[in-house]
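Have a look at the structure below before the remarks.
The values are calculated or read from the model by the stated rules, or taken from the named source; none is laboratory data. Computed from a predicted model, the values in this text were never measured in an experiment. Note that we place each Cβ from the backbone using ideal geometry, even for glycine, and neighbour counts take in every protein chain shown. Heads up: the accessible areas ignore ligands, DNA and RNA and are worked out on the full protein's heavy atoms, side chains in. Shrake-Rupley method; radii C 1.70, N 1.55, O 1.52, S 1.80 Å.
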Amino acid sequence: MAIFHLNFKILKRSEGKSSLYLSAYNSRTRLKDEKTGLVFNYEKKKEDLMHQEIILPNNAPKSFKDRSTLWNAVESKNNRRDSQLSRYFIVALPREQTLEQNHKLLTDYIKKNFIKKGMCADIAIHNDADNNNPHAHVMLTMQDVNETGFLNKNREWNNKNNVEIWRRSWAVSVNKSLRENNKKDLVSNLSFLRQKEMLIKKANENLNSDKIDEAEKYLEAYNQIKDKKPKKRKSRQSYIKRKKFKSYAKTYEQQAEDNRIKREKKKEEMKKENKLTSFFKSVFNKLTNKQKKEQEERKQREIAAMQQWQKNEEKRAELREKLKNENNHEGINYVDKIHNERRRDQDYNIPTTKYKI
C-alpha cells in the first residue's frame, strides 16, 4: 500500500551539523570536510543503499558532479556560524513499484520542482532486502549557481508556501506514476480531516447543482475514510528492533502486557527501596536523638556540679573567717590544719577541691 510521507527540513550550522556529514551518511560514502579536517565515513553501511547520484542545473559547474567538491563549496561559501547550509527531505516511495520506476518518479519530480529553479540535488535511495521501507534522502542547495560557482542565497526558496506546493506536486506525481503502472492505490498530501471537509464541500456543491450521481460518489468516498485515524509514526529504533528480531516479534497486545508487568515490577522495587531507606532513616534519627539527649543531660549535670562547687567555696570562705577569729582568742592555728585535696570528679568530669579539717 502506497503511503504519503514528505518532510522538509533545513540543515543549520548553529545546530552543530555539517552538509558533508549528511551527504556522506545518505550516500554511504567517505567525505572530508576541508574546512574543519573532519572525515565522515559510512562505507560500511552500504547494505541498504540502492542508488545515489547528483543532479545539476545546466548552468552549474561540471565539477559539482563530485559530491565532495559540491558540499565543500557550500561550506566555504557559508562563513557565518548561523548559516543555513542546505534544505533536505525524506520521502517515502511506493512499495508497489520497482527501483527503476521509483527512480524515474523521483528524478522527474526533482527536476520539475527544484532543478528547474536552479538548485543542485544530491539523491540517495534506500531500502531493505524485503522491500519493506523504500525511501529517498534528498539534499538541495540554497544559493543560486552559475559556471563559476555559488552566488548569493535565494530567499524566495524559503517561502513557506512552497512546502505546500511541493507536497501537492509529489502526491500528483505519485498518483500519475501508479496509474501508468496499473496500480489502484492513491496518496494525498491532505490530512484525513481536510480530505473529509473537501469531500463534503464537493458533495454539497453537486447537490445544489442537481448532479446527484457526482454527489453520491463524493459521499461514498467520504464514508470510506470517515472512520480512519492518522497512524502514529514509529521511531527508527523500534523499526530496527522489529527488523532484527522479526522471528521473535510479538503482537501489540503481548508487548503491552509485557510493558505493564515491567512497570509493576519497577513499582514494587521502588516500594522496597523506599521501605529500606525509611527504616535506615528512622534508625539514624533514633541514634542521633539519643546522642543529643545524652549531651543535654551531661551539660545539665556539669552545670549543677559547678553550682554546687560554688556554694561549697562560699561555705569554706565563711569557715576560714570564723577560725581566724577563734585563733585570736585561743592561740590555736586551725587554718593551717585545713588542707586541699584536688581530684577530678568521676561523675561530672570537672576539677573540684575537697576540704578537710
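Quick notes
- Among the residues making up segment 46-67, none is touching a Lys or Arg at 6+ places or on another chain (Cβ under 6 Å) and free of Cβ contacts under 8 Å to residues at least 12 places away in the same chain.
- Restricting segment 134-173 to residues that are β-branched (Val, Ile, Thr) and farther than 14 Å from Asn113 by Cα, the residue that is farthest from the chain's Cα centre (by Cα) is Thr148.
- Only one of Lys9, Lys45 that is under 30 Å from Ser177 (Cβ atoms) and either open to solvent by less than 20 Å² (accessible area, probe 1.4 Å) or assigned to a helix (DSSP H, G or I) (or both): Lys45
- Considered as a group, the residues in segment 302-314 that are among the charged types (D, E, K, R) and surrounded by 11 or more Cβ atoms within 10 Å (Cβ to Cβ) include one that is modelled with the highest pLDDT, and that residue is Glu302.
- For segment 12-21, the condition holds for at least one residue, the condition being that it is closer than 18 Å to Gln143 by Cβ, part of a strand (DSSP E or B) and open to solvent by 10 Å² or more (accessible area, probe 1.4 Å).
- Residue match in segment 31-38 (condition: charged (D, E, K, R) and in a helix (DSSP H, G or I)): no
- Taking the listed residues Ala317, Ala305, the one that is small (Gly, Ala, Ser), in contact (Cβ under 8 Å) with a residue 24 or more places away in the chain and either assigned to a helix (DSSP H, G or I) or at positive phi (or both) is Ala305, with no other qualifying.
- Residue in segment 108-116 that is under 22 Å from Lys62 (Cβ atoms) and open to solvent by 50 Å² or more (accessible area, probe 1.4 Å) present: yes
- Tally, over segment 122-168, of residues that are open to solvent by less than 20 Å² (accessible area, probe 1.4 Å), assigned to a helix (DSSP H, G or I) and in contact with a Lys or Arg (Cβ under 9 Å, 6 or more places away or on another chain): 1
- Residue within segment 68-77 that is open to solvent by 60 Å² or more (accessible area, probe 1.4 Å) and farther than 29 Å from Ser173 by Cα present: yes
Each row is one residue, and each column tells you yes or no for (1) open to solvent by 50 Å² or more (accessible area, probe 1.4 Å); (2) basic (Lys, Arg); (3) farther than 29 Å from Ile165 by Cα; (4) in contact with a helix residue (DSSP H, G or I) (Cβ under 7 Å, 6 or more places away or on another chain).
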| residue | (1), (2), (3), (4) |
| --- | --- |
| Thr36 | yes, no, yes, no |
| Lys65 | yes, yes, no, no |
| Phe89 | no, no, no, no |
| Arg95 | yes, yes, no, no |
